[in-house]
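Structure first, commentary second.
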Amino acid sequence: MAEIEVPEEITYQGIPASPGISIGPLHVMARGFSAPEVYEIEDSEVAREQERFGAALEVTKKQLIELQQRLEDLAGGKESDIFEAHRMLLEDRAVVDKVHDAISERGQNAEYAFYAVMQNFLEAMRRIPDPYFRERTADLEDVCQRVLRNFKGDGEVRHQVPEEQHILVAYDFSPSDTAAMNRRHILGFAAELGSVNSHTAILARALGIPAVLGLDGTVIDIQTLTPGILDGYAGKLILHPSEETLTHYRTLSAEKAKVRTALEAMRDAATDTTDGRAITLSANVELIEELPLVKRSGAKGIGLYRTEFLLLNGEEMPDEAKQTAAYSRMAKEMAPHTVIIRTLDSGGDKLPVEPLTDPEPNPFLGWRGIRVSLSRPAMFKDQLRAVLRASAHGKIAVMFPMVSGLSELKRARAALRECMDELSKADIPFNADMPVGVMIEVPSAAVCADLLAPEVDFFSIGTNDLIQYTVAVDRVNPHVADLYRPTHPAVIRLIKRTIDAANANGIWTGVCGEMAGDIRLTPLLIGLGVEELSVGPHQVPRVGQAVRSLSHAECAAMSDEALKKGHSYEILGLSLALARKYYGNLLD
Ligand code: PEP
Ligand code: MG
């Protein structure tokens, strides 16, 4: 009798975009974005084509309203704003007029005219070097596909997936694909494109669907119904899992479910150490639509609002009124907790506030953060007045990024004082005692922390940049990623120095870089004396439980030892030993 060949297990590695484990058959979706047919139309057909275009737009808008409603019901939050933005795109005169012109002046059929106009926009957006901005092109593609499908009257066809439970696999998923996913049938999803910052990933986390994006292989050739496992913790898609792998994942899944239930039960518990030291646990936010997730996470405030992400929706910073509205909404939604608004940190690897005439040879050492704000006083003051005006509607604090020394801090504070005077004169209310902080993320600021501390109410250590500048390792360059060491002795000495200066001046110190969310390092940071940890919303429950499991005294003794060590691995080892001792079950 011929032996039955058992297919070999294959693993695709990707980015863990939304946590969770799914086990089930795969359903692979075809790529859905191809150029429509192009044909010339007669003059007598122009009106009909314009009408077809109008009808496709109307149907699309209706679908987007329905999706928005559906997402509001599912996620109960503002994630659905994404679809409002999509809808506005369809109402953008620049787009609509161009399509009308292409139909009437160039005699193009409606779907091709629309496709060609959108391709131009997409090309322009793809040329912007910022990865986050490039992600937004996915939104535009999403709307474009939807309209094209609606010309044919099959707008939802991409979502016709089997009734049986399955893991959905595709080249790419748009935010609306994700929002339209039926949780009863879709166990998880994986795609070749996408990153942790994409709206698709944000939605997957908000909807609680495990997801892996940016897979390192061509997935669309995979056969539908192939048995698979999706590991949203480690970012893996496994095909034809062996019995051993299946058992491993079934056990892991049960353990994670237990941990999740336990963490959820603790959501509102205070984050004090076992010996009573209170640690504030807050969240980092880039987009206002993350607020519902932040609130559900149990975070006690926002420790870092990266306002440069406001630049995504337009070429320049929104005006004072729009910023006031955005900050006020945040303050109201997060009440009674504090929202720390960081002034614009454009440049470096982020979006520039205005096009540069010459590209910078070293953007990370260039026109970035407070340097930009101080050289554009009108724009800086618009932002400061907006922050102050919002401070009348809730608890708001402000902090300055990329400060390298006392002069910059004094100039920033002077601008803030001017804004206060202007608002007072105009009888516009604000909180005159609004806390003012400075980010410690440039080594010179850490070394001079004793000079900065008397000028502010708090320090927030930006470890992402502090590490890159201290050990001279570009934070986004994969070739030197292994040299990027959060526990380098120089880094932890600078953190210690910063906290000592803060303590001597009676102010508190937080950490808002990625290091704050790494629970292997929670013992070290608490031991060094950090009083606030601001982390990504989905990390809040785990970091909270880590804090509650530790004794400050034990962490402090460990950190004293760590400060004497010469190697990053030794320091990591000491911190990890405490993490394992008190919450090994939370470590991945
Ligand atoms: C940091 O540098 O650690 C930080 C929080 O700021 P960003 O990552 O936005 O530069
Ligand atoms: Mg930074």
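Key figures
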read-out	value
Gyration tensor (alpha-carbon) shape descriptor, the stretch 380-476, a/c threshold 1.5	prolate
Phi-based couplings in Hz for the stretch 262-275 (Karplus 6.51, -1.76, 1.60; Gly and Pro marked x)	5, 5, 4, 5, 9, 3, 8, 5, 5, 9, 9, 6, 5, 9
Share of carbon and sulfur in the accessible heavy-atom surface of the stretch 266-586 [1.4 Å probe, %]	53
Tail fraction, Cα-Cα pairs, the stretch 266-586, threshold 38 Å, whole percent	11
Solvent exposure, largest accessible area first (probe 1.4 Å, DNA, RNA and ligands not counted), of His100, His166, His393	His393, His100, His166
Per residue solvent-accessible surface (Å²) - the chain, probe of 1.4 Å	44
Local net charge near Gly510, Cβ-Cβ under 10 Å (Lys/Arg +1, Asp/Glu -1)	-2
Rounded to whole Hz, the Karplus (6.51, -1.76, 1.60) HN-Hα couplings of the stretch 418-425, x for glycine and proline	4, 5, 4, 4, 4, 5, 4, 4
Which of Val471, Ala445, Phe458, positive extreme of dipole for the stretch 426-491 (C-beta unit charges)	Val471
Karplus 3J(HN,Hα) series, Hz, for the stretch 552-561 with 6.51 cos²θ - 1.76 cosθ + 1.60 (x for Gly, Pro)	4, 4, 5, 5, 5, 5, 5, 5, 4, 5
In Å², nearest 10: area of Arg267 left accessible to a 1.4 Å probe	90
With all protein chains modelled, accessible area of Val46 [1.4 Å, Å²]	30
Volume per residue of the C-alpha convex hull in the chain, rounded to whole Å³	181
Gain in span if fully extended, Asn120 to Lys564, counting 0.36 nm per residue against the direct Cα distance	154.0 nm
Solvent accessible area, Å² - Glu243, 1.4 Å probe, full protein context	130
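The values are calculated or read from the model by the stated rules, or taken from the named source; none is laboratory data. As the structure is a computational prediction, the values presented were derived from the model and not from experiment. Note that we place each Cβ from the backbone using ideal geometry, even for glycine, and neighbour counts take in every protein chain shown. The accessibility values were calculated without ligands, DNA or RNA, using every heavy atom of the protein model including side chains. Shrake-Rupley method; radii C 1.70, N 1.55, O 1.52, S 1.80 Å.
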